[in-house]
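Visitor: Take a look at this one; I'll ask things after.
Every number in this text was worked out from the coordinates using simple rules, so none of it is lab data. Note that the structure is a prediction, hence the values are computed from the model and not measured. Every residue, glycine among them, receives a Cβ derived from its backbone with ideal geometry; neighbour counts consider all protein chains shown.
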């Protein structure tokens with residue numbers, strides 16, 4: 001039995017005509033279900049009720065973790081070429097429906113044996129969830145894991161994803177991979193790491209401009225720390241917790257408690273505030289396996305995290321500065337954004353009066369800066385209300401990235417203080433914020449937003465030098481060396497392939513510029529340049545190109561000069 005499991009905003013299907021002699025009669029012509037877990041099911045030869053029961057039990061457990069109340073079973077023969085005979089398949093499909101109905105979930109199903117039109121709005125991303133095998137294929141997989149040989153480790157299979165998917169583009173441009181032995185954790189290849197590194201350099205430059213200081217903190221802590229912070233009570237199911245010689249330790253899912261400890265290492269004065277602290281350490285979150293989705297949702301992630309410790313009277317100015325920084329960051333990538341204000345959830349720290357004060361401050365900052373926002377009741381962090389920022393990509397899709405949280409709770413729980421102008425001890429308040437959000441997620445958004453056409457400053461290869469004759473090889477090598485000496489990321493292609501092939505390959509790899517060199521350029525000691533869009537200039541001096549390139553890179557321009 002093969003199952004593709006999707007977490008959807010909505011699924012719609014309409015019956016067209018029966019396509020098998022065995023089919024369900026007297027079924028609704030059209031169905032539409034919101035907020036559901038959908039199981040696309042292919043019943044294979046030899047499947048039995050035990051396999052069906054296991055599949056339904058796993059799906060119900062997964063739905064519970066996602067807090068989904070609707071379950072849709074959809075017969076989908078296209079998942080397998082080893083299908084069971086139709087009548088037996090329909091009987092097993094109906095058995096699975098009855099098993100699902102024993103749960104507290106509301107169960108729907110698409111009729112068996114029909115040709116249907118289908119529309120699915122998937123949360124996060126197409127094929128965002130998990131394909132599962134039950135039966136002999138499942139048992140073989142379990143047996144393989146028991147005797148796993150790391151030397152045979154293979155990367156995740158992304159076959160069948162659309163060309164616009166960030167994983168498809170990543171495979172073509174050799175950006176990153178995932179491995180079966182480390183689910184939800186990214187392997188950055190050299191090309192992908194350049195993109196990762198350039199984004200880090202950009203945000204570091206902005207933080208220096210805005211007077212942040214960088215710190216680094218440990219990867220784990222005794223769970224005593226997570227009890228103080230409240231994560232054990234409100235976030236434990238998302239943490240990796242293990243025993244180490246009698247000490248219960250937890251990998252950090254957030255940097256917040258560590259920031260509080262650094263603040264407490266010395267006495268602080270009102271003159272020291274605001275103190276802006278940034279931390280880019282790896283974080284670990286125990287996402288359920290079915291929710292992992294390429295770079296969009298991972299278990300090991302990097303955030304451009306920061307905590308601003310301040311007096312209450314400084315909150316308005318800091319929020320205004322933070323919203324300005326957010327606008328600058330997304331502006332360089334030409335990403336439009338909108339804001340949401342999330343209020344106190346049912347499970348929270350602290351009293352309602354403090355929450356109201358913090359929520360009011362965030363609302364006032366948004367209104368003062370003329371930023372329209374949507375109110376999201378009960379969706380704040382457990383320690384404070386927050387502003388979430390959704391960006392819109394080139395395909396019109398919206399993604400949640402930045403978040404700004406105003407926190408009165410953790411400073412109180414950790415006993416943070418500063419000496420006020422009156423000589424007395426006061427408690428600071430804290431702004432938690434990320435702008436990219438998860439760097440992995442932001443890179444996925446950028447890959448799809450730009451469709452792999454990165455601006456020159458981010459491109460893994462900025463220039464490719466193409467020689468079109470044997471006589472020009474040496475001149476091409478000289479040009480290559482001069483570009484490399486100027487810290488341009490450059491490749492040399494002195495192969496005997498045709499110019500048409502070389503240009504086509506450069507375009508497929510989305511290299512911003514190709515320098516084309518033949519005997520004519522060699523004799524004149526100049527160059528011809530072609531951009532990936534096909535624009536071309538001939539008879540340029542290398543020095544002038546280098547000057548223009550360095551300016552384009554330094555200014556982090558989003559458009560190519562050609």
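Visitor: If I take every Cα pair under 8 Å that is 6 or more residues apart in the chain, average their sequence separation and divide by the length, what percent do I get for the relative contact order?
Guide: Working: 1020 pairs, mean separation 59.5, N = 562.
Reported relative contact order: 11 percent.
Visitor: Would you mind calculating the relative contact order of the stretch 27-124 from Cα pairs under 8 angstrom and at least 6 residues apart, reporting the percent as a whole number?
Guide: Working: 112 pairs, mean separation 35.3, N = 98.
Contact order relative to length: 36 percent.
Visitor: Could I ask something else about it? Distance between the C-alpha centers of the stretch 1-49 and the stretch 426-493? Whole Å please.
Guide: The stretch 1-49 and the stretch 426-493 have Cα centres spaced 45 Å from each other.
Visitor: A follow-up question, please. When the Cα centres of the stretch 318-369 and the stretch 236-309 are compared, how far apart do they sit, in Å?
Guide: Using only Cα atoms, the two centres lie 20 Å from each other.
Visitor: Indicate the gyration tensor shape class of the stretch 39-99 (rounded, prolate or oblate), computed on the Cα atoms with a ≥ b ≥ c the square roots of the eigenvalues: a/c under 1.5 is rounded; otherwise a/b larger than b/c is prolate and the rest oblate.
Guide: Values: a/c = 2.23, a/b = 1.85, b/c = 1.21.
It comes out prolate by the Cα gyration axes.
Visitor: What is the packing order of peptides 299-312, 523-536, taking the mean over residues of other C-beta atoms within 10 Å and listing the highest first? Write out the running numbers ahead of the final one.
Guide: Values: 299-312: 21.1, 523-536: 15.0.
My ranking of the peptides, most packed first, is 299-312, 523-536.
Visitor: Out of all DSSP beta bridges in the chain, what portion is antiparallel? Express it as a percent rounded to 5. The partial results should precede the final answer.
Guide: Working: 81 of 108 bridges.
Given both bridge residues lie in the chain, the antiparallel proportion sits at roughly 75 percent.
Visitor: What percent do you get for the relative contact order of the stretch 373-505 when only Cα pairs under 8 Å and 6+ apart count?
Guide: On the way: 154 pairs, mean separation 21.4, N = 133.
Taking the mean separation of contacting Cα pairs over the length of the stretch 373-505, I get 16 percent.
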